[in-house]
1. Return the residues of region 237-248 that are part of a loop (DSSP other than H, G, I, E, B) and under 21 Å from the mean Cα position of the chain (by Cα); say none if nothing qualifies.
2. Just to be sure I understand the filter: pairs with C-beta atoms under 9 Å, separated by 6 or more residues or on different chains, first member in region 284-302 and under 14 Å from I268 (Cα atoms), second member surrounded by 12 or more Cβ atoms within 10 Å (Cβ to Cβ) and of a type in the set (S, T, Y). Which pairs pass?
3. Of the numbered conditions (1) of a type in the set (V, I, T); (2) more than 28 Å from S277 (Cα to Cα); (3) without any contact (Cβ under 8 Å) to a residue 60 or more places away in the chain, V349 satisfies every one except a single condition; which is it?
4. Criterion first (over 22 Å from T196 (Cβ atoms) and hydroxyl-bearing (S, T, Y)) does Y85 satisfy it?
5. Is it true that some residue in region 255-270 is free of Cβ contacts under 8 Å to residues at least 60 places away in the same chain and in contact with a strand residue (DSSP E or B) (Cβ under 8 Å, 6 or more places away or on another chain)?
6. Does G11 qualify as being at positive phi and either buried (at least 16 other Cβ atoms within 10 Å of the Cβ) or of a type outside the set (A, V, I, L, M, F, W, C) (or both)?
7. Got at least one residue in region 25-45 being assigned by TED's automatic domain parsing to the domain that holds G95 and touching a Cys at 6+ places or on another chain (Cβ under 6 Å)?
8. Go through the residues of region 279-288 one by one and say whether even a single one is of a type in the set (D, E), at pLDDT below 95, over 30 Å from V221 (Cβ atoms) and under 21 Å from the mean Cα position of the chain (by Cα).
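The values are calculated or read from the model by the stated rules, or taken from the named source; none is laboratory data. Bear in mind the structure is a predicted one, so any value in this text is a computation, not a measurement. No Cβ is skipped: glycine too gets one built from the backbone with ideal geometry, and neighbour counts run over all protein chains shown.
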Amino acid sequence: MVGGGRGAFIGAVHRMAAALDGEIELVCGAFSSDPAKSKASGEDFYLDPSRVYNSYTEMIEKEKGLPPDVRMDFISIVTPNHVHYGPAKMALENGFHVVCDKPLCFDMKEAHDLQETVARTGLLFALTHNYTGYPLVKQARHMVANGELGDIRKIVVEYPQGWLSTKLEDSDQKQASWRTDPKRSGLAGSMGDIGTHAENLAEYITGLRITEMCADLNIFVPGRLLDDDGSVLLNFENGAKGILFASQIAAGEENNLRIRIYGTKAGIEWRQQEPNSLVVRPLEGSMRVVRTGVGALCASAQAHTRLPSGHPEGYLEAFANIYRNVAKCLQARIEGKEVDPIYDDFPSVADGVRGMQFVTKVVEASASDQKWLSFE
């Protein structure tokens, strides 16, 4: 693991998710840019002190020198955005697979270079757009692909949060500090942080690519350097129209990611805060609610469900599905076998490039006098 030491939020989430199925073990790490903090974090995780490193460069170099049956198999990058590219690039160049938190990196130059490096090395690269790991997101994707909604006409996806309604970055709040800093976060604030989740979810479920956008980004909190709110009109490749909004100044909201997809036959709705329910509204007939673990779900939804009906599965399990799928693919490679296609399902470096392109184009579109900008 790179990053995720004492005081970090997302590192703990990744560690719990990776460990959930018993297929992945944390064996080494460079947990902080502060060597003392990295060492202390290694003690927290009961690691061999000789495999707790002062930097990711030291970790990759020393791990590469260990016997194949001892050295790490892949790295998990859980740092702020500006420290994604360096460890990912070095790991790939030295033969290690990569799992990386989103967004992919800091800018488009880094994104394209990582995509080229993954293609050249042939190694696994997973991006933790964790919402794609939910069973009923898999079910929604299946229903769209199976034609149960008919031709897709309208996609509405929203991600409101309220935690940055005040200038929290002026306090000691670490998450607010780096997420609102252009030097560490990149071109966008709320759109880079949560807007990319909304964009990824819309394309993942529908299988449709965004072709054009019209955007309006806002900074509501005085003195803030990056957008804390934004709205985007979208055109999709089949002619479908979309609306995306992401806001971190929506007072009182928690993580209310919600997507509605409307076709010629039916509409569906899924909410992250009620992830075990998928609402289906047919053009003719009664509304029904599909529940995790109940009835005849598609094979992918069933494979990504761990618990019987009535036992809530959520955020950690969705993360764990990505890690489990990576483990299945990696194990198949080690054994020289074909992986079951049902597990070859996790966001890739290509999804990461799409996310970075979304951020870049949203910022460009918001600043432009032109109504529609091409996504490409």
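1. Passing the criteria: only Q248.
2. That search, which allows pairs on different chains as well, returns V289/S277; V290/S277; R291/S277.
3. Just one mismatch for V349, condition (3).
4. The answer is no for Y85.
5. Within region 255-270, one or more residues are free of Cβ contacts under 8 Å to residues at least 60 places away in the same chain and in contact with a strand residue (DSSP E or B) (Cβ under 8 Å, 6 or more places away or on another chain).
6. In short, no.
7. For region 25-45, residues assigned by TED's automatic domain parsing to the domain that holds G95 and touching a Cys at 6+ places or on another chain (Cβ under 6 Å): absent.
8. no
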